[in-house]
Protein chains: 2
Amino acid sequence: MTATTDQISPPGRLAGPDEGITLDELRLASRNHAMPAEAMRADVTPPGLHYVLVHYDIPHVDADTWSLDIGGDVERPLVLDLKALRDMAARTVRVTLECAGNGRAALSPRPISQPWLAGAVGTADWTGIPLRQLLEDAGPAGGAHSVVFTALDHGIERGIEQDYERGLTLEQAMADDVLVAFEMNGAPLPPQHGHPVRLVVPGWYGMAHVKWLSRITVIDHEYDGYQNAVAYRTRARPDEPGEAVTRIHPRALLVPPGFPDFMTRERALRPGVVELEGRAWSGWAPVEQVDVSTDDGTTWQPAELSTSEHRWAWRRFACRWTASPGRYVLRVRATDGSGRQQPADQQWNLGGFANNGDQPVIVHVLEA
Amino acid sequence: MTATTDQISPPGRLAGPDEGITLDELRLASRNHAMPAEAMRADVTPPGLHYVLVHYDIPHVDADTWSLDIGGDVERPLVLDLKALRDMAARTVRVTLECAGNGRAALSPRPISQPWLAGAVGTADWTGIPLRQLLEDAGPAGGAHSVVFTALDHGIERGIEQDYERGLTLEQAMADDVLVAFEMNGAPLPPQHGHPVRLVVPGWYGMAHVKWLSRITVIDHEYDGYQNAVAYRTRARPDEPGEAVTRIHPRALLVPPGFPDFMTRERALRPGVVELEGRAWSGWAPVEQVDVSTDDGTTWQPAELSTSEHRWAWRRFACRWTASPGRYVLRVRATDGSGRQQPADQQWNLGGFANNGDQPVIVHVLEA
């Protein structure tokens, strides 16, 4: 029997009340990795530790023959190879990138998809050409409304065969700091981060940062492709249009103190004064406060926040804790300048997007 | 209530007949990542795609103050800093590294631990100083029997607090190509691969390649530490001593043809002639044959094997397949020069080690 693409691609569903992680979810978890929490120690995530999410396969792209088409409703369609891009005036922006599905596997009931816990994040210095510059060179026509970004990865999702593709409104695309990037931390992009060229949209969840970029198309209407209109929307029920997932909600994460048990990842610690540190970020406005709780959220104390010149990167926080023997549940929560605060309860929706409920870190302080 | 390390560290167990992947396993899977199968296309695994397994946390090690102690039963104890190591005559060896637990999550019943499917593998060019040279400089004493390698990562495993530590016999340690390595693919080691210095033991499963190496100790007896005597042994029952896990059993893996469904990772393909390619390796002897089946193992045809100058690295194989519409289960199996052949059935043991049973790739060839 010959299948069609929709027959080999099951619909989305929720896990049953006692259903463990499925083999499909494990397959995704073994390819798409989180950032280990101890890497939260670094301002810029070391090579290979930044989270990775790839919808289909990592495409094999030859940088020597690759080119970027900029067309659609523009006055001067452009074709740029990598050398032409590199010859333009580049900028470097430090950006904290987080997957929109971060926190999904902590939801109950759990939407079955990439099963992120809390670590789908990372920070890098991205170097490239401002998208605004490229769009101005091409000259959007009078009725231009949106910009479509088409990638070279190809696959099937919920029955639909597609190249990965996302849209932004022209206004969103023309914002400061949006880059067509060809370097990550001063080196060419690695394959899994979009080699040779990707989009970087500071402040937005990862789905907007289209990797393996091959085509930019200006259109005269709102983009209604799969990844904008079907996926990446928060819905309570399948039949509602839902809200588009856009900017990153505030989140703080600890560098887990002490040392771990291999299997459970619970922490052990000797008693004494400990510096608890971590990093916090938001795509809506700079983080202005981080609170730390050592009693599972019953009481909170503000941490000290480091200053940062990098608007789009996480900020370090730290506070001292005098740890005496016992079992503790540590929590941290971020508040940003828009008034958004990381909630104690889960942010549930059918796709499992943007669940920034704070996450417990279990610490056993041993006898001296 | 104050815990002791054994109370916060559960004993090993097998999953129940219908038990899904547990949250503990998912936590490990999100930190320790496999190599995406499409990266099997490359001779040398690109940065960030090589599999990673870290027992505890990735330690933060300052390369400027790091040093390596070589002592125990030796005539001339040595302390070497990174500059001293780099000033010695270095070698580069291309090595395929595989986790001993690769294939564990495909076992039934499933041992609960790091839940690898089939991708815990990668190949890199490792540069460093031959261990034999360092041991000869230190001069093992007359009764020297074994060599112990102590790392800087620290944690709890099955109740035992420990620095990660492994032993080799003096004969194994003196073998050709064993390196104390400080570069991976021409760059300093990344944090998750042992920065600044690790051991590389070509042909052996990953547990022998001690990362974040800090101390080498020659002893006059067989090493009986946790990672040799308790972990990394194949046992059918908990009360038997079991066999030590040592060299890598033969395995072949395909670059999955066509394009994937996001959730199931099953493949879709247009009909026509397809080149099926992949890579095969063994730590016992060079791979001499790879067979390919497109009918779930009922019939096999030999693939063409590429030659390789690199004894310890995987070899490429390829064959042509005329794909007509339908559903297919592809399998590949490697045979090495020692006569070992990858089996069709699972290799079950309590720890889930060295399960090199071949793995199906499900392909749907669509209508033209």
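The values are calculated or read from the model by the stated rules, or taken from the named source; none is laboratory data. Because the structure is predicted, anything quoted here is derived from the model rather than measured. We place every Cβ from the backbone using ideal geometry, glycine too, and count neighbours over all the protein chains shown.
Points worth noting:
- Checked against the criterion of being within 13 Å of chain A (Cβ to nearest Cβ) and either within 20 Å of B:PRO77 (Cβ to Cβ) or more than 19 Å from the chain's Cα centre (by Cα) (or both), segment B:195-214 has at least one qualifying residue.
- Taking the criterion of being within 7 Å of chain A (Cβ to nearest Cβ) and assigned to a loop (DSSP other than H, G, I, E, B), the residues of segment B:12-53 that qualify are B:GLU19, B:GLY20, B:THR22, B:HIS33, B:ALA34, B:PRO36, B:PRO46, B:PRO47, B:GLY48, B:LEU49.
A quick yes/no check of all residues on (1) charged (D, E, K, R); (2) within 30 Å of B:THR92 (Cβ to Cβ); (3) not in a loop (DSSP other than H, G, I, E, B):
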site	(1), (2), (3)
B:THR299	no, no, no
B:LEU330	no, no, yes
B:ALA334	no, yes, yes
B:GLY351	no, no, no
B:GLY357	no, no, no
B:GLU367	yes, no, no
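- Any chance B:ARG270 is closer than 22 Å to B:SER293 by Cβ, of a type outside the set (Val, Ile, Thr) and touching a helix residue (DSSP H, G or I) at 6+ places or on another chain (Cβ under 9 Å): no
- Just one of the numbered conditions (1) surrounded by fewer than 18 Cβ atoms within 10 Å (Cβ to Cβ); (2) touching a Pro at 6+ places or on another chain (Cβ under 8 Å) is not true of A:ASP336: (1).
- Test: residue in segment A:275-292 that is assigned to a loop (DSSP other than H, G, I, E, B) and within 30 Å of B:GLN162 (Cα to Cα): no
- The lone criterion from (1) at pLDDT 95 or above; (2) within 13 Å of another protein chain (Cβ to nearest Cβ); (3) closer than 30 Å to A:ILE160 by Cβ left unmet by B:GLU367 is number (1).
- Qualifying residue in segment B:106-118 (condition: in contact with a Phe, Trp or Tyr (Cβ under 7 Å, 6 or more places away or on another chain), under 23 Å from B:HIS193 (Cα atoms) and touching a residue at least 60 places away in the same chain (Cβ under 8 Å)): no
- Set side by side, the residues B:SER113, B:SER108 differ, and just one is surrounded by 17 or more Cβ atoms within 10 Å (Cβ to Cβ) and not aromatic (Phe, Trp, Tyr), which is B:SER113.
- Residue among A:VAL93, A:VAL147, A:VAL121 that is buried (at least 17 other Cβ atoms within 10 Å of the Cβ), in contact (Cβ under 8 Å) with a residue 40 or more places away in the chain, β-branched (Val, Ile, Thr) and under 29 Å from A:ASP220 (Cα atoms): A:VAL147
- Cβ-Cβ under 7 Å pairs, at least 6 apart or on other chains, segment B:163-186 side part of a loop (DSSP other than H, G, I, E, B), far side of a type in the set (Asp, Glu) and crowded, with 16+ Cβ neighbours inside 10 Å: B:ASN185/B:ASP125; B:GLY186/B:ASP125
- Complete set of residues in segment A:130-168 that are of a type in the set (Ser, Thr, Tyr) and within 20 Å of the chain's Cα centre (by Cα): A:THR150, A:TYR164
- Yes/no for B:GLY272 being touching a residue at least 24 places away in the same chain (Cβ under 8 Å) and more than 13 Å from every other protein chain (Cβ to nearest Cβ): yes
- Residue that is farthest from A:ASP153 (Cα to Cα), among those in segment B:20-72 that are hydrophobic (A, V, I, L, M, F, W, C) and more than 18 Å from the chain's Cα centre (by Cα): B:ILE70
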